1. Among the residues of region 129-184, which ones are among the basic types (K, R), closer than 18 Å to L97 by Cβ and exposed (fewer than 15 other Cβ atoms within 10 Å of the Cβ)?
2. Do we have T108 as part of a strand (DSSP E or B) and of a type in the set (S, T, Y) here?
3. Checking N52 against (1) modelled with pLDDT under 95; (2) in a strand (DSSP E or B); (3) touching a Pro at 6+ places or on another chain (Cβ under 9 Å), which single condition isn't satisfied?
4. Given the criterion part of a helix (DSSP H, G or I), surrounded by fewer than 17 Cβ atoms within 10 Å (Cβ to Cβ) and at pLDDT 95 or above, identify the matching residue among R207, R237.
5. How many residues are out of contact with any Phe, Trp or Tyr (no Cβ under 6 Å at 6 or more places or on another chain), among the hydroxyl-bearing types (S, T, Y) and within 20 Å of A22 (Cα to Cα) when one looks only at region 44-98?
6. Given the criteria among the hydrophobic types (A, V, I, L, M, F, W, C) and at pLDDT below 95, does A152 qualify?
7. Quick check on my filter: what residues within region 197-230 are free of Cβ contacts under 8 Å to residues at least 24 places away in the same chain and aliphatic (A, V, I, L, M)?
8. Please list, ordered by first then second residue, the pairs with beta carbon atoms under 8 Å, 6 or more apart or interchain, first in region 242-253 and under 14 Å from A232 (Cβ atoms), second not in a helix (DSSP H, G or I).
Amino acid sequence: MKRPNGMDYHPRLLSGMPDVTALQRLRDAGVAALLYGPPGTGKTSVVEAAFNDCLTVQGDGDTVVADLVGDYTKTPDGDFVFVHGPLVRAMRAGVPLFIDDATLIPPTVLAVVYPAMDGRREIVVKANGGEVVKAAPGFYVVAGHNPGVHGAILTDALSSRFSVHIQVSSDYALAEQFGVDKKAVRVARNLATRQEKGEIGWAPQLRELLAFKKLADAWDLDAAAGNLVGIAPEEDRVTVAAVVRDVFGKTVTPLALGARITAKP
């Protein structure tokens, strides 16, 4: 399947059906879904593949209500006009709204979405004179959550609004199909197992493995392996370096500039 950016998406099974089909059925049934898993596992990819007309809000700790509903902006003529945000546009167009990193958004800000998700199916835009916006058929909300990321808080209010919680993990077999070196995939699997046991907090996901392949193609395997150690969080770097050493059969270090290159006389 194709994502809006033209990249291929390879569906995975979810409850006995392709994941994109499962999400589309949830939309038809009006059941909001929360996708959770480490960054880089493909949460955005599956949403974009399932809903090529979705609008996206990238959440963070600085997200404010205006980022969702809109705000006044100055025109070239010096006037101020209200420009509606992605939540209002999605409601009016009857298309899905994907709130990525929803648990990084302050709960008081995210609460503006809730009336659009429940039986009311409408919101009041106080900043635009109390404008009432009703959701057109087809409007749907799906969100992403990265557990363990600093600042991510899954509140009871947020959790209860999303009736279906779907875990998204990396498809390491797919990484091999994409041509990622098997040793790198073995490192990722090993670290993922340790992460599940609580021994470490980080493991390479599909995003990091695809970057590994690109670096290996551009430079070489040793450089890609060294970068794998370098991108690991400092608290996990010793363990990651040990696993990389054991699998690759050599000690590698994070990428770093060396001595200055001097011109030959």
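1. K134
2. Considered against the rule, which asks whether it is part of a strand (DSSP E or B) and of a type in the set (S, T, Y), T108 comes out as no.
3. Every condition holds for N52 apart from (2).
4. None of the others qualify; the one that does is R237.
5. Residues flagged as out of contact with any Phe, Trp or Tyr (no Cβ under 6 Å at 6 or more places or on another chain), among the hydroxyl-bearing types (S, T, Y) and within 20 Å of A22 (Cα to Cα) within region 44-98 amount to 1.
6. It is true that A152 is among the hydrophobic types (A, V, I, L, M, F, W, C) and at pLDDT below 95.
7. Those that are free of Cβ contacts under 8 Å to residues at least 24 places away in the same chain and aliphatic (A, V, I, L, M): A211, L215, A218.
8. Within 8 Å, the pairs are V244/V252; R245/T251; R245/V252.
The values are calculated or read from the model by the stated rules, or taken from the named source; none is laboratory data. Since this is a predicted model, take the numbers as computed values, not measurements. As a convention, Cβ positions derive from the backbone with ideal geometry for all residues, glycine included, and neighbour counts pool all protein chains shown.
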